[in-house]
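These notes are about the structure you will find just below.
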Amino acid sequence: MSIITPREYQIHGTNQLVRYISKGYKRLVFQMPTGSGKTVTFAYFLQRYFAAYPDQQAKVIVHRDRLKVQSEKTFRNFDIKNVGVFMVETFVNRLKTGMFKNTQLIIIDECHWGSMRKIFEYFPDAIIIGFTATPIAATKKHPLKADYEQIVVCTDIRELIALHEIDPTQGLVPAKHYCPPSQINKKDIKRSGGDYNMRSMSNELCRTKLVDGVLKAYVDIGEHQKTIVFNSLVDHSLKVNDCFVAAGYNSRHLDGTMSKIEQDEIFQWFSETPDAILQTVDMATTGFDEPSIINVIPNRLTLSLPLWLQMAGRGARPYPGKAHFNLIDPVGNVEQHGRWDHKHDWYSLFHYPAKAGKGVAPMKVCPNPKCGCMIYMSSTKCEYCGHLFPRDTVYTDMVVELQLVPDNLIIPRNSPITLEKTIMSIAETVKSKPIDLFEKRNVMEYAVRKLHQQSGLNISSNMAVHLASRHI
Ligand SMILES: [Zn+2]
């Protein structure tokens, strides 16, 4: 007997999954954001699967003990029997014994980590479904597309925020993004293994000015509210913690080298203390979930979109009285990856993984001193405080935004002089080099439209695209 009713998007996503399976697909990625009800979706899918194939056996492989317990409980509620839930290590160890031979369906959680890649050869005929919030493989060399045939995109962060507006106990809480000015020197941070080198990053972030900057951001934006800070390495985290403690704030450090008892005690303190500040390193990015968090401060850089979304989303769980959470970005991750609630085109990113990481929507700061949130550059009105932007700002912003369009286009020197002049004046307005603007197709389109407007002609976007392309 099922006692949990799946949400509409969960039903919709599952329908799509079932459709692909009935078409013969065997390797599928199922994308759903953190906080959209993974275990219920597992259960709902399994229930339907076993209704069609009552004699088959399924396995669910998870990376966290908490999710294992939660999944098993949910499966009991749904009265789902032919399924075993395993931690990755246990499953891999038992694989060799051959005890899983009779398995027709396997669900892998956090499939983008790629830690379960070896099971594909063990189960050539089984249906394998990989769940993830961020269908981008940890290594560019081995995209998810190499193991999986198709992707189901179940829902996105914005849909979950909309759900929260209807039912405050459900969905995700929206974020106010803040990017306080920072003196970080990214250029000097070394890179290794596809991301920033942690030692090198930590050395930079330990600079007193930057540590003080984090404290200042906290005080300015979310003082006395429950805060989690993700630092780079333990020494960095301890240094930031010392800074907060010295300023009289209720801050503690936590890392994975501490004993389980010590960690549990800190988690409990964090959960029960309204003004608690938790300074931590990597571990907590996946390890726990505290819905009362108001401030999230990812105080480390990353080139990984999955990691950014995982850190940022820590404040999004619904909690009584929480209308939003503050996403405070003192190091420039928003600039790198865009807003946490940005709508990513996971379908394309799965099928064309080389595109991953491109096309971040540019942002600006709301000039209202009481607000100061990060909003999209193209916004004419602040979505948080209602601040209106004067028209000529919009004009400038629009061009700045256009500069970030893919720039693999070259403009020949013999472009008409009038268009050149237009570009020159745009360049002057936005304080950019004209040569840079000439290489942006959308800036060209904009210039074409501007030209036509000046001569009293209104042209459609399509026509502007067409005309611009003739000059590129
Ligand atoms: Zn505002």
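The values are calculated or read from the model by the stated rules, or taken from the named source; none is laboratory data. These numbers come from a predicted model, not from an experiment. Here Cβ is always computed from backbone atoms with ideal geometry, including for glycine, and neighbour counts include all displayed protein chains.
The set of residues in segment 9-48 that are free of Cβ contacts under 8 Å to residues at least 40 places away in the same chain and under 16 Å from CYS111 (Cα atoms) contains only THR39. Tell me, please, whether a residue that is within 24 Å of MET32 (Cβ to Cβ) and crowded, with 18+ Cβ neighbours inside 10 Å can be found in segment 89-104. Within segment 89-104 (the criterion being within 24 Å of MET32 (Cβ to Cβ) and crowded, with 18+ Cβ neighbours inside 10 Å), the answer is yes, since at least one residue qualifies.
Go through segment 366-379 and give me each residue that's in a strand (DSSP E or B), out of contact with any Pro (no Cβ under 9 Å at 6 or more places or on another chain) and more than 9 Å from the ligand (Cβ to nearest atom).
Initially, segment 366-379 is screened for residues in a strand (DSSP E or B), giving 374-376.
Checking the rest, the ones that are also out of contact with any Pro (no Cβ under 9 Å at 6 or more places or on another chain) come to 374-375.
Correct list: MET374 only.
Just to verify a result, which residue in segment 185-202, among those that are among the charged types (D, E, K, R) and without any contact (Cβ under 8 Å) to a residue 12 or more places away in the chain, is surrounded by the fewest Cβ atoms within 10 Å (Cβ to Cβ)?
Filtering segment 185-202 down to residues among the charged types (D, E, K, R) leaves 186-188, 190-191, 195, 199.
Narrowing the set further to residues that are without any contact (Cβ under 8 Å) to a residue 12 or more places away in the chain leaves 187, 190.
On the way: LYS187: 6, LYS190: 12.
Selected residue: LYS187.
One residue is enough: does segment 289-299 have a residue meeting the conditions surrounded by fewer than 18 Cβ atoms within 10 Å (Cβ to Cβ) and under 28 Å from SER200 (Cβ atoms)? Checked segment 289-299: no residue is surrounded by fewer than 18 Cβ atoms within 10 Å (Cβ to Cβ) and under 28 Å from SER200 (Cβ atoms). Entry remark, segment 333-365: residues being assigned to a loop (DSSP other than H, G, I, E, B) and either modelled with pLDDT of 80 or more or touching a helix residue (DSSP H, G or I) at 6+ places or on another chain (Cβ under 6 Å) (or both) number 11 in total.
Does segment 131-144 contain any residue that is in a helix (DSSP H, G or I) and under 28 Å from ALA312 (Cβ atoms)? Yes, there is a match, as at least one residue in segment 131-144 is in a helix (DSSP H, G or I) and under 28 Å from ALA312 (Cβ atoms). Taking the listed residues SER259, SER304, the one that is small (Gly, Ala, Ser) and surrounded by 15 or more Cβ atoms within 10 Å (Cβ to Cβ) is SER304, with no other qualifying. Scanning segment 32-77 for residues that are of a type in the set (Ser, Thr, Tyr) and within 25 Å of ARG314 (Cα to Cα) returns THR34, SER36, THR39, THR41, SER71, THR74.
Listed conditions (1) touching a strand residue (DSSP E or B) at 6+ places or on another chain (Cβ under 6 Å); (2) modelled with pLDDT under 80; (3) near the ligand (Cβ under 10 Å from one of its atoms) are all met by CYS382, apart from (2). Only one of the numbered conditions (1) of a type outside the set (Asp, Glu); (2) at pLDDT 90 or above; (3) under 19 Å from GLU159 (Cβ atoms); (4) more than 16 Å from the ligand (Cβ to nearest atom) is violated by ALA323, and that is (4).
I'm checking my understanding of the structure. Among residues of segment 147-180 that are part of a helix (DSSP H, G or I) and of a type outside the set (A, V, I, L, M), which one is surrounded by the most Cβ atoms within 10 Å (Cβ to Cβ)?
From segment 147-180, those part of a helix (DSSP H, G or I) are 157-166; that's our starting set.
Filter once more, keeping what is of a type outside the set (A, V, I, L, M): 158-159, 164-165.
Values: ARG158: 14, GLU159: 17, HIS164: 20, GLU165: 12.
Per the criteria, the residue is HIS164.
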